C-alpha cells in the first residue's frame, strides 16, 4: 500500500512539474503561423507572407518616443490574417482585431524600421534602449536589430546594436534558404552579422549599396585619384569581384556614388569635368558604360525593371540612348517626387496628391490621380523609408488625428484609399471613410 502511495505521489509530482514547466515556457500564439508562406516585398514597411500581412502600424515621430516603452500602438509591428488576399474588416469597416495580432509592441516603425521574414523568423529593428556611456541620456538615435519566432514563441533576440545614429545607418537582410545574413553600414564601417558574429567588410569606402535582391554588397574605395568598385558576397564572406571605375578616360573630380543595383547590373553617378553622368556596368566584368550626361539639371534617378527615369522639378524623363525622353510634365505640381513603381506605372507624390503615369508614356501632361488632400509622410522627414509596394498596391503613411498611419491605394483599377492598421483611440474616427 505504501509502495502504491509513493508511486502515486511520484506520478502526481511529475505531472505537476511537467505542467509547471509547460506553463513557464512561451509556446507562442497558435493564431500565428510557425513557418512563413510565400513571401512578397520582403525587407520593407509591409511584407505579405502566406495568408498574413505584416506591417509597421503607423509611424511615430521621434518627439513622441519613450524609453523602455513596450506597449506602443502607433509604431508597433502587427500581423493580420488575409481572406482571399484582402484585409478582413469589422462592421464599421475597421481592421478586424480578432484577425490581428501584435508581433511586438516595441517601437519598430521609425526612420530605420524595416521588416524581413525568412523560415521561422521575423526580423525587425527598433531604437536602442540603452543609456549612453558616461551618462548624457538615452541612445535612442542608435538602432537595435532583433529577430523573433513568427508565432512569438521564445524571446526577442538582439542581433546587433549600431554605434552610429540612424541617419548614418543603412542595412539589408540577405537570405539563402533559411540562412539569413544582416549587413549594416554603421557610420563609416560595413559589418556582416551572421551566426552570432560580427565581421568587418570594410572601413575605408566612399559609397556603398546593399543589393538585397541580388545577394551582393557593393562599395567604392579610393586610392590616390583612382576609384575601385568592389562586389562582396555575404554568404561566402569574401570579395567576388573588383575593378577600377573608368568613364571613357574622363577625369573624375569626386568619388562615384552607387545609386542602384538589380540582378547583375549596377548603376553609378559620376562627377567629371563635363558635369554629372549616369553609368552602368555588369558586375561580372565591371566595364562601365555611360548612359546619360547631366550637365546642368542635376537629376534624381529612379530605376524599375530595366527602365531608368530622371526626375527634375515637374518633369519625369525616361533615359534611352543617352537621351532624356519626357514621360510627363506636370505643370500643376509643386515638385514631383517619384516614390515607387507598380503594374507598369510610375507612382509619384506632389504635396498631398498621389499620381501615376505609364512607364512607356511620352510627353504626357496629365496623370492618373490616385488620392488627394492627404498629409503624407515625406522623404524629407524619413529618407527613403516611407513607402512600399506589394503587387498593385502602394503603401504609405498618411496623417489621421495626431499620428501617421499606414494606408494603401491600388495603382490600377479601383483606387479607393484604405487605412491599414490599428488606430490609437484618440485618433479613431467614428467610421472608416
Original post:
How many of the residues in the range 180-195 are in contact with a strand residue (DSSP E or B) (Cβ under 8 Å, 6 or more places away or on another chain) and either under 27 Å from residue 227 (Cα atoms) or at pLDDT below 95 (or both)?
Top reply: 11
Subject >> Residues of the range 197-206 satisfying the condition of being surrounded by fewer than 19 Cβ atoms within 10 Å (Cβ to Cβ) and in contact with a strand residue (DSSP E or B) (Cβ under 8 Å, 6 or more places away or on another chain) >> reply: 198, 199, 200, 202, 203, 204, 206
Original post:
With 308, 271 as the choices, which residue is closer than 30 Å to residue 349 by Cβ and either in contact (Cβ under 8 Å) with a residue 40 or more places away in the chain or in contact with a helix residue (DSSP H, G or I) (Cβ under 6 Å, 6 or more places away or on another chain) (or both)?
Top reply: 308
Original post:
Quick one: how many residues across the range 44-67 are within 22 Å of residue 426 (Cα to Cα) and part of a loop (DSSP other than H, G, I, E, B)?
Top reply: 6
Original post:
In the range 331-344, which residues are out of contact with any helix residue (DSSP H, G or I) (no Cβ under 8 Å at 6 or more places or on another chain), touching a residue at least 24 places away in the same chain (Cβ under 8 Å) and closer than 18 Å to residue 301 by Cβ?
Top reply: 336, 338, 340, 341
Original post:
What about residue 155, is it without any contact (Cβ under 8 Å) to a residue 12 or more places away in the chain, loosely packed, with under 15 Cβ neighbours inside 10 Å and in a loop (DSSP other than H, G, I, E, B)?
Top reply: no
Original post:
Looking at the range 317-433, what strands (runs of 3 or more DSSP E) fall wholly within it and have at least 1 residues that are at pLDDT 90 or above and surrounded by fewer than 20 Cβ atoms within 10 Å (Cβ to Cβ)?
Top reply: 323-329, 337-342, 353-358, 368-371, 387-390, 393-400, 403-410
Original post:
Does the range 92-106 include one or more residues that are surrounded by 17 or more Cβ atoms within 10 Å (Cβ to Cβ), within 21 Å of the chain's Cα centre (by Cα) and not in a strand (DSSP E or B)?
Top reply: yes
**OP:** Would you be able to tell me the number of residues in the range 162-181 that are buried (at least 16 other Cβ atoms within 10 Å of the Cβ) and assigned to a strand (DSSP E or B)?
**Re:** 12
**OP:** Give the number of residues within the range 211-241 that are within 21 Å of residue 197 (Cβ to Cβ) and without any contact (Cβ under 8 Å) to a residue 24 or more places away in the chain.
**Re:** 4
Original post:
Would you pick out the residues in the range 283-313 that are surrounded by fewer than 19 Cβ atoms within 10 Å (Cβ to Cβ), part of a strand (DSSP E or B) and under 25 Å from the mean Cα position of the chain (by Cα)?
Top reply: 300, 301, 303, 304, 307, 312
Original post:
Is there a residue being in contact (Cβ under 8 Å) with a residue 40 or more places away in the chain, under 20 Å from residue 396 (Cα atoms) and part of a loop (DSSP other than H, G, I, E, B) anywhere in the range 129-145?
Top reply: no
Subject >> Residue list for the range 232-252, filter: part of a strand (DSSP E or B) and either over 22 Å from residue 203 (Cα atoms) or touching a helix residue (DSSP H, G or I) at 6+ places or on another chain (Cβ under 9 Å) (or both) >> reply: 252
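The values are calculated or read from the model by the stated rules, or taken from the named source; none is laboratory data. This one's a predicted model, so the numbers in the text were calculated from it and none came from an experiment. When we count neighbours, we look across all protein chains shown, and the Cβ atoms used for this are built from the backbone with ideal geometry, even at glycine.
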